[in-house]
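The values are calculated or read from the model by the stated rules, or taken from the named source; none is laboratory data. All figures in this text were calculated on a predicted structure; none of them were measured in a lab. Methodologically, a virtual Cβ is constructed for each residue, glycine included, from the backbone with ideal geometry; neighbour enumeration extends over all protein chains shown.
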Amino acid sequence: MCFKNLPIEFDEEGNARLKEGVANPYSYEVQEAPTPIEENEEKLQELLARNGHIRRVDFDPVTRVAGALAFHTVVDLENRSVLETNSMATLFRGYEVILKGRDPRDAIFISSRACGVCGGVHSTCSALALEMAFGIHPPPMGVVARNILLSLEYLYDHPLHLFLLAGPDFSEPAVRETNPELWARAQGTPAPRKDVHGFGTLAEIMTEMTPLTGKLYAEALHMTRVAREAYVLIGGKYPHPQTIVPGGISATIDVSDLNEIHLRIAKFFDYGQKVVAIWDDLTEFFYEANPQYADVGKRPARLIEPGQWDDPYAYDGTFENADEWGRKRWAPPAVIVDGELVTTKLSQLNMGIEEFVEHSFYEDWTSNGNGGPQFPTDPAGNPLSPWHPWNKETIPKPGGTNWKEKYSWSTSPRWDRMSMETGAYSRIYANALAEDYSHLNYIEPTGSSLKFNVPGATLPSAELEWKIPQTWGAFERNRGRAYCIVYSALIAYENVLLGLDLMRKGETKTSVPHEVPKDFRIGAGFWGAGRGYLTHHIVMDKGVIENYQIVTPSTWMASPSDPFGNPGPYEEAVAATPVLENFEKPEDYKGIDILRAIRSFDPCMPCTTHIHTDSRVIKREVVTCACGVEDDHDH
Amino acid sequence: MRVLVGGVGYRFLRDGSIGPWLSDRLADQADNGIEVEDLSYHPVGLSQNLQERPPYDRLVLVAAVSRGRPPGTVEAYRWDGELPGRDAIQARVSEAVTGVISLDNLLIVCGALGGLPDDVRVVEVEPADEGWGEGFSPEIEARLGEVEEAVWSSTRP
């Protein structure tokens, strides 16, 4: 059974339908949120007076994160546990509002601006949504070009996270300051994979991860450039490409472009091996020093992955065939619940998505008195929730922060009413579980691991294996992301080879002509970002956008609690994090374990504070405060 | 003498966009060893680009920066090259790679990572309106000639 919580069942032929005899199948009762420790200042003061080891620790903003994320915690430093967590997206992202009434093609360029790191993925996701709505799809070379661009974005993105954003938490200055005993141990611990990365001890690795001065830090900066250089050969510029259009790409591609890209991808064969060796050594070192490090950022392996990198001969852009072309993607669409693969069907993935706003600064659009949802079913006749993105309306409703009520500008996306995580690693997790993925040439899923046959460059060729970990936590997220450098490079390589093959066949067309339909249409783009899941849902009529909904990775992961009482993934992961930091006095506490837990998700808060209406600007600077409820801030 | 003139800022933010607006406007007039470019991209990339080029003798940057001065204030100065502490630089690098574009960010990141000539001149304008849209506020509109002249003056030996 695919769904445990939604009122959906399947007939003998596998067609989805609402369960019979349920009067209001999607209705739910809001579970009262747990009473916050800080419900009132008096109670908090009483706690603090009794026990100076209970501290409120707010990270506002969480640094080394794109955009505006604040995190509120209450920590018991004596028992070394986290008592309370709240994740806050502190700015309103108004793209859904900005895009209303525009030419749908504008969405490709405007939605790209949702992120200064990975704008191109929004452009492509938007193009996919438009293709579904327009009834077109690219020629094979257009698909290959998009696949290459996607890989290159990841080859920019993953080193950046591993060494510039998350990496400093594992560098010499951070480890020395927060766990000096680990630094001493690292100095005497030989690095098992020295032959690959070249560093003799764990301390050397940590030293070279030091911001600004470390070799690994500098090398990562350089490698992001290599990826960007390759990207602009097709994309024109980065991070906001100019060549993504509905039906393919507007650039031509020749052999020299592919060769130039190949030269750069090959550098990532070596670099990927090296980064994997670094993060394998680091992870094992921390686990051996203290097995509790496996629990930092721990949560159940519940992941959602829309699939990405289309098969150029299978993708036809239709929703009706989405299960077919989705299944042929390099990374399969997948929902993983507690480590088990629940589905690889895009239709089921789409069917299970809902967005809730009980703890978000929005109005519930289903209470607008318009009767039932606009789309009770998808284009293939599968049931859809009133809270599905195709039915969603974005109605901002700023207000005061209250941990029991509303405290974030992120909605709470859920699949089958469960909080889901997503990330670079959800691709390899899904791919590892989907054993029958036989069309991969350099990647072999085994059901419990993923093997990579990495071609030799300056380092000899190698077989690497990422194994599904027993415990899913912060170190495994980072380690998984390191393997994703190899994964992305190999998929890019396969697509370069496909491109050369198409060139030999004379199939060099990169796009098809299109016209903007004037009648009523809907579409959806299912794609990925550096940080995982990305979907765009469009409703259009009379040639303009009627509704546009974007669900990003951080919407899933930074989400506040849902109406069923489930915390968002960041909240859940931090709540499970043990306090392993070494400090003498409570006031010396830095929160490194919490920060490692949060940053392991590679948070990226799509950010804008500008909302366009017919009367132009209506608001800026909505809120940047993670203060406690007693501070009574209005947003 | 090789001089690079660069505008810095986001587009479509009224006065906040004076940097890229001026780099577009001045590009056609570049001559005699003066190059004009829009430098409104992430400064890590700019640092890498500058390090690959033949060195410039001077860099002239123009941007709108809110520092609480009366709107329309124009200030031209030679940057002293002073950098903040390591944590602050790292914070700026993080901002740079995640999409932040600003004059201060550019100076600090490029100053730390390399690529800037010894002689960096800055023309700053205090904006009156950084709301979304094209065109300038009356305060800035009235000073455009002065800003342009300050840029050209900054290129002279």
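The table for this structure:
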{"item": "Of all residues making up region A:395-432, the number that are touching a Lys or Arg at 6+ places or on another chain (Cβ under 9 Å), at pLDDT below 95 and assigned to a loop (DSSP other than H, G, I, E, B)", "result": "7"}
{"item": "Exclusive hit being in contact (Cβ under 8 Å) with a residue 12 or more places away in the chain, on the phi > 0 side of the Ramachandran plot and either in contact with a strand residue (DSSP E or B) (Cβ under 9 Å, 6 or more places away or on another chain) or not polar (S, T, N, Q) (or both), set A:Gly447, A:Gly456", "result": "A:Gly447"}
{"item": "Filter pass, A:Ala230 being over 26 Å from A:Phe134 (Cα atoms), within 12 Å of chain B (Cβ to nearest Cβ) and under 25 Å from the mean Cα position of the chain (by Cα)", "result": "no"}
{"item": "Hey, A:Asn147 over 29 Å from the mean Cα position of the chain (by Cα), modelled with pLDDT of 95 or more and among the polar types (S, T, N, Q) or not", "result": "no"}
{"item": "Test for A:Ala277: is it farther than 21 Å from A:Asn566 by Cα, small (Gly, Ala, Ser) and not in a helix (DSSP H, G or I)", "result": "no"}
{"item": "Residue selected from region A:100-138 under the condition in contact (Cβ under 8 Å) with a residue 40 or more places away in the chain and among the β-branched types (Val, Ile, Thr), by the criterion nearest to A:Ile545 (Cα to Cα)", "result": "A:Ile108"}
{"item": "Residue match in region B:96-113 (condition: over 15 Å from the mean Cα position of the chain (by Cα) and away from chain A (no Cβ under 14 Å))", "result": "no"}
{"item": "Inter-residue pairs, beta-carbon under 8 Å, first at pLDDT 95 or above and in region A:255-271, second assigned to a helix (DSSP H, G or I) and of a type in the set (Asp, Glu), 6+ apart", "result": "A:Arg264/A:Glu229; A:Tyr271/A:Glu219"}
{"item": "Residue check for B:Glu141: more than 12 Å from every other protein chain (Cβ to nearest Cβ) and either farther than 14 Å from B:Val62 by Cα or without any contact (Cβ under 8 Å) to a residue 12 or more places away in the chain (or both)", "result": "yes"}
{"item": "Any hit, region B:50-64, residues being over 17 Å from the mean Cα position of the chain (by Cα), within 27 Å of A:Cys118 (Cα to Cα), within 11 Å of chain A (Cβ to nearest Cβ) and at pLDDT 95 or above", "result": "yes"}
{"item": "Any hit, region A:495-509, residues being acidic (Asp, Glu), closer than 30 Å to A:Pro104 by Cα and assigned to a loop (DSSP other than H, G, I, E, B)", "result": "yes"}
{"item": "Residue match in region A:70-93 (condition: within 14 Å of another protein chain (Cβ to nearest Cβ) and either of a type in the set (Gly, Ala, Ser) or under 27 Å from A:Tyr313 (Cβ atoms) (or both))", "result": "no"}
{"item": "Number of the exception - A:Cys625 against (1) away from every other protein chain (no Cβ under 14 Å); (2) at pLDDT 50 or above; (3) part of a loop (DSSP other than H, G, I, E, B)", "result": "(2)"}
{"item": "Enumeration of residues in region A:561-573 that are of a type outside the set (D, E, K, R) and within 16 Å of the chain's Cα centre (by Cα)", "result": "A:Gly568, A:Pro569, A:Tyr570, A:Ala573"}
{"item": "Boolean, A:Ile148 is assigned to a helix (DSSP H, G or I), touching a helix residue (DSSP H, G or I) at 6+ places or on another chain (Cβ under 7 Å) and within 14 Å of chain B (Cβ to nearest Cβ)", "result": "no"}
{"item": "Candidates A:Gly236, A:Gly247 - the one that is surrounded by fewer than 24 Cβ atoms within 10 Å (Cβ to Cβ), under 22 Å from A:Pro513 (Cα atoms) and touching a strand residue (DSSP E or B) at 6+ places or on another chain (Cβ under 7 Å)", "result": "A:Gly247"}
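Condition check ((1) touching a Pro at 6+ places or on another chain (Cβ under 7 Å); (2) modelled with pLDDT under 95; (3) of a type in the set (Asp, Glu); (4) more than 23 Å from B:Val36 (Cβ to Cβ)) across all residues:
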residue: B:Asp87; (1), (2), (3), (4): no, yes, yes, yes
residue: B:Ser94; (1), (2), (3), (4): no, yes, no, yes
residue: B:Val97; (1), (2), (3), (4): no, yes, no, yes
residue: B:Leu103; (1), (2), (3), (4): no, no, no, no
residue: B:Leu107; (1), (2), (3), (4): no, no, no, no
residue: B:Cys110; (1), (2), (3), (4): yes, no, no, no
residue: B:Pro117; (1), (2), (3), (4): yes, no, no, no
residue: B:Glu124; (1), (2), (3), (4): no, no, yes, no
